[in-house]
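S.K.: The structure under discussion is supplied below as structure tokens; questions concerning it will follow.
The values are calculated or read from the model by the stated rules, or taken from the named source; none is laboratory data. The structure displayed is predicted, hence computed values, not measured ones. Every residue, glycine among them, receives a Cβ derived from its backbone with ideal geometry; neighbour counts consider all protein chains shown.
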Amino acid sequence: MKHLPRKRFGQHFLVDGSVLAAIVDAIDPRPGDALVEIGPGLGALTQPLLERTGALTVIELDRDLAARLRRWPGLTVVEADVLTVDAAGLAPPGQRLRVVGNLPYNISTPILFHLLPAAEQVRDQHFMLQREVVDRMVAAPGGKAYGRLSVMLQWRYAMERVVDVPPQAFDPPPAVESAVVRMVPRPEPPQVAFSQRRKLLRHTLGRWLEQRGYAGRFNTQRRAEEVPVEEYVRLAEGL
């Protein structure tokens with residue numbers, strides 16, 4: 001029986017073969033990889049991943065889809081809301097996870113933040129998201145897209161947009177453009193600070209630094225959105 005996409009789960013199923021092939025090539029899965037797919041849906045991406053790796057763990061909330069996927073040899077199905085799953089606990093001993101997925105656009109940012117604590121157990125992540133969100137994730141300082149999301153993720157991951165996906169590649173087509181982002185965890189990142197993006201930092205971060213007697217060099221005559229993540233990292237290391 002045909003599965004009807006459920007709006008409350010934000011389901012848009014990828015059906016374009018050429019786009020799927022481009023995404024799989026970008027992921028480059030290999031046999032033995034500890035691969036986890038979030039939101040496999042009807043298995044369009046699951047199938048080629050499974051063909052290349054031989055085994056795969058999927059996290060699926062929709063009970064009907066989860067029941068279908070359990071019939072696939074080589075799949076381990078976790079039927080749950082990904083926001084309740086301890087991703088780090090899925091890593092086999094001695095291996096780091098490779099996490100992939102077409103994330104529901106209505107909760108994509110909470111999922112990204114939920115996965116942050118597991119970054120030490122992750123080798124890389126490839127996610128399809130709304131293109132506007134991906135642009136914010138990878139934005140450089142000074143542009144309108146650069147903000148809190150950019151800083152909060154760039155301190156932990158090196159990121160790049162690797163595949164653009166048009167609405168017609170889905171069934172049903174979403175109302176927005178999509179893109180796939182590659183996220184590679186940075187080694188042992190320190191904490192960073194980010195303040196109100198439109199105010200000069202001397203009014204916000206500068207006062208905070210003064211209160212703590214910081215004697216190092218950091219130009220606070222800039223707005224938060226103009227400071228590269230690397231400078232925030234160096235500041236945190238100096239503190």
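S.K.: Keeping to region 98-109, report how many residues are over 18 Å from residue 27 (Cβ atoms) and either of a type in the set (D, E, K, R) or more than 10 Å from the chain's Cα centre (by Cα) (or both).
M.R.: 4
S.K.: Could you please tell me which pairs satisfy a Cβ distance under 8 Å, a separation of 6+ or placement on different chains, a first residue in region 171-193 that is modelled with pLDDT of 95 or more, and a second residue that is crowded, with 19+ Cβ neighbours inside 10 Å and of a type in the set (D, E, K, R)?
M.R.: Sorted first by the residue in region 171-193, then by its partner, the pairs are 179/135.
S.K.: Determine whether residue 122 is more than 22 Å from residue 155 (Cβ to Cβ) and in the same structural domain as residue 149 (by TED's automatic domain parsing).
M.R.: Taking the combined requirement at face value, the residue does not satisfy it.
S.K.: Going through region 148-173 one residue at a time, which ones are surrounded by fewer than 16 Cβ atoms within 10 Å (Cβ to Cβ) and of a type outside the set (A, V, I, L, M, F, W, C)?
M.R.: Selection gives 148, 160, 161, 164, 166, 167, 168, 171, 172, 173.
S.K.: Go over the candidates 76, 46, 84 one by one and state the one that is crowded, with 18+ Cβ neighbours inside 10 Å, farther than 25 Å from residue 150 by Cβ and of a type in the set (S, T, N, Q).
M.R.: Step by step, each of 76, 46, 84 is checked, and only 46 is crowded, with 18+ Cβ neighbours inside 10 Å, farther than 25 Å from residue 150 by Cβ and of a type in the set (S, T, N, Q).
S.K.: At pLDDT 95 or above, part of a helix (DSSP H, G or I), more than 20 Å from residue 56 (Cα to Cα) and over 10 Å from the mean Cα position of the chain (by Cα) - does that describe any residue in region 142-153?
M.R.: no
S.K.: Further, regarding this structure: Over 21 Å from residue 180 (Cβ atoms), modelled with pLDDT of 95 or more and either in contact with a helix residue (DSSP H, G or I) (Cβ under 9 Å, 6 or more places away or on another chain) or surrounded by fewer than 18 Cβ atoms within 10 Å (Cβ to Cβ) (or both), is that true of residue 55?
M.R.: yes
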